[in-house]
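Q: Quick one: the structure is below, and I'll ask about it shortly.
The values are calculated or read from the model by the stated rules, or taken from the named source; none is laboratory data. Just so you know, these numbers come straight off a predicted model, no measurement behind them. Positions of Cβ are generated from backbone atoms using ideal geometry, with glycine treated the same way; all protein chains shown enter the neighbour counts. Remember, those area values only see protein heavy atoms, side chains included, never the ligands or the DNA or RNA. Shrake-Rupley method; radii C 1.70, N 1.55, O 1.52, S 1.80 Å.
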Amino acid sequence: MRPLHLDKIASVTRNCALDRDVRVGDEYPCREGDVIAVRILSRKGTYNQLELVSGRFSNLKPGDTVAGALGHRRALQGYAGHIPSEIKTGDTLQMLNMGGVIGVCTSFSPEVGPPFECEVLGQVLSFPFLGQRVGEPANIGRQAGTLREKIAGGIPPVLAIVGTCMNSGKTAACASLIQEFARQGLQVAAAKVTGVSLMRDTLAMVDAGARTAASFTELGIVTTQRSNAASITRTLLAQLAEGSPDLIVLELGDGLMGDYGVDAILEAADIKATVGALVLAASDPVGRGAA
Amino acid sequence: MKLLQDRFGYPVAAITGPCTDNSAGVDNVEAATGCVALNARLESEALAAHLMKTLGLGAGVVS
């Protein structure tokens, strides 16, 4: 165990409320959500920012020490990558998204170029109990509750926004509609229920006028998938309904045919029973027709 | 729309996104699908009003 100063703390780690000065170790459980410290090795001209825990974006440069979290990504217009089965201090991994998700990149879109190369500096440790001298691997899901397998009662009307793909206008539509609903005097709650951890979209929902906005990251999930997307949605619906909003707006991140579990949510009959309207965001006419 | 309706059984209340960025797209979408096509950035008031009606939420409702 040794001390390490972090230059930047990625938004994906926000559940851990890390300090700039952390302690790291050399044992890596290699689980989704494990918080690791890395040093940026490469330089990028595009897609070169990191979303911080504040929600602000900061340019990454070689030498920056960053805390991020292990996770996978399957983004057509970004990176595809997975969590490594083992890690040693000094290994090289890649930054898979702007939220600080770290893993092994297996493919990238020419639009974003090769990802940042990162040298692993250590497994960030947490000390959850007073007086604890031996740290445990920090993980963004440590304090997350159990996901719900059944829909709760008392869910207000739900508007679901789905897209043909990433960057098909879902978040812009959510924000624009939330603003209009709020102007009509409605209390709106919102959530992003699928995708890879990034605060930007839920912050946009709040900025547009949502009383509250939540995402799967608060539930300890880095990247949604078919196996957990419906349970995440049920859990977020229940949490948002506790505030008695007039309306819940759900953004289903990525596209209908992506790997983040949008299809599992749409297949769930109990979730479908709560959805009063569904809007399709489409990039082009063919996509609109096929979706 | 075909996937949403045939596989998942969801009616589509409205179509938005870049395919509705101008009248060429809107006309194409509405002619091909019969579905309401409104751009969320340019026609947000009309889209919100349409969806509030679909959701059974009256305009001007204050809780």
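Q: Name the most mobile residue of A:D34, A:D201, A:D21, meaning the one with the largest mean-square fluctuation, in a Gaussian network model of chain A with Cα contacts below 10 Å.
A: Largest GNM mean-square fluctuation: A:D21.
Q: Could you put A:I102, A:I151 in order of accessible surface area, largest first, with the 1.4 Å probe and the full protein assembly present?
A: A:I151, A:I102
Q: Moving on to the next point. For chain A, set up a Gaussian network in which alpha carbons nearer than 10 Å are linked by springs, and say which option among A:D19, A:D259, A:D207 fluctuates the most.
A: Its mean-square fluctuation being the largest, the pick is A:D19.
Q: Additional query: Would you rank A:E111, A:E136, A:E149 by solvent-accessible area, highest first, keeping every protein chain in place and using a 1.4 Å probe?
A: Descending order: A:E111, A:E149, A:E136.
Q: Nearest 100 Å², what total accessible surface is buried between chain A and chain B (probe 1.4 Å)?
A: 3100
Q: What span do the alpha-carbon atoms of the range A:158-290 cover on each of the three principal axes, reported in whole Å from largest to smallest?
A: Largest first, the range A:158-290 extends 36, 32, 28 Å along its Cα principal axes.
Q: At a Förster distance of 22 Å, what's the computed FRET efficiency of A:L41 paired with A:E86, Cβ-Cβ distance as r, to 0.05?
A: After rounding to 0.05, the efficiency reads 0.65.
Q: For A:T212, list long-range residues whose amide hydrogen, built 1.01 Å from N in the peptide plane, is under 5 Å from its own amide hydrogen.
A: When sequence neighbours closer than 5 places are left aside, the close amide H contacts are A:A190.
Q: Rank these by accessible area, largest first, 1.4 Å probe: A:Y260, A:Y47.
A: Ranking A:Y260, A:Y47 by accessible area, largest first, yields A:Y47, A:Y260.
Q: Also: Where in the range A:135-161 does the label zone of A:A17 land, with the point 7 angstrom along Cα→C-beta and an amide N cut-off under 20 Å?
A: A:135-146
Q: Going down the table (A:K192/A:K272; A:K61/A:K192; A:K192/B:K2; A:K8/A:K150; A:K88/A:K192), which pairs top 27 Å between alpha carbons?
A: Pairs exceeding the cut-off: A:K61/A:K192; A:K8/A:K150; A:K88/A:K192.
Q: Can I ask one more? Provide the per residue accessible area, probe 1.4 Å, for the range A:158-290, rounded to a whole number of square angstrom.
A: 29
Q: Per the Debye formula with a single identical scatterer at each Cα and no solvent contribution, what log10 I(q)/I(0) holds for the range B:1-49 at q = 0.16, 0.19, 0.20, 0.21 Å⁻¹?
A: Taken in order of the listed q values, log10 I(q)/I(0) reads -0.44, -0.60, -0.66, -0.71.
Q: If you don't mind, there's one more thing I want to ask. Per the 1.4 Å probe, what fraction of the accessible area of the range A:158-290, in percent, lies on carbon and sulfur atoms?
A: Heavy-atom surface of the range A:158-290 belonging to carbon and sulfur, 1.4 Å probe: 49 percent.
Q: So, with a 1.4 angstrom probe, what is the percent of accessible area on the range B:2-55 that is carbon and sulfur?
A: It is 50 percent, rounded to a whole number.
Q: Might you report the magnitude of the Cβ-based charge dipole of the protein assembly as shown about its Cα centre, with Lys and Arg at +1 and Asp and Glu at -1, to the nearest 20 debye?
A: 420
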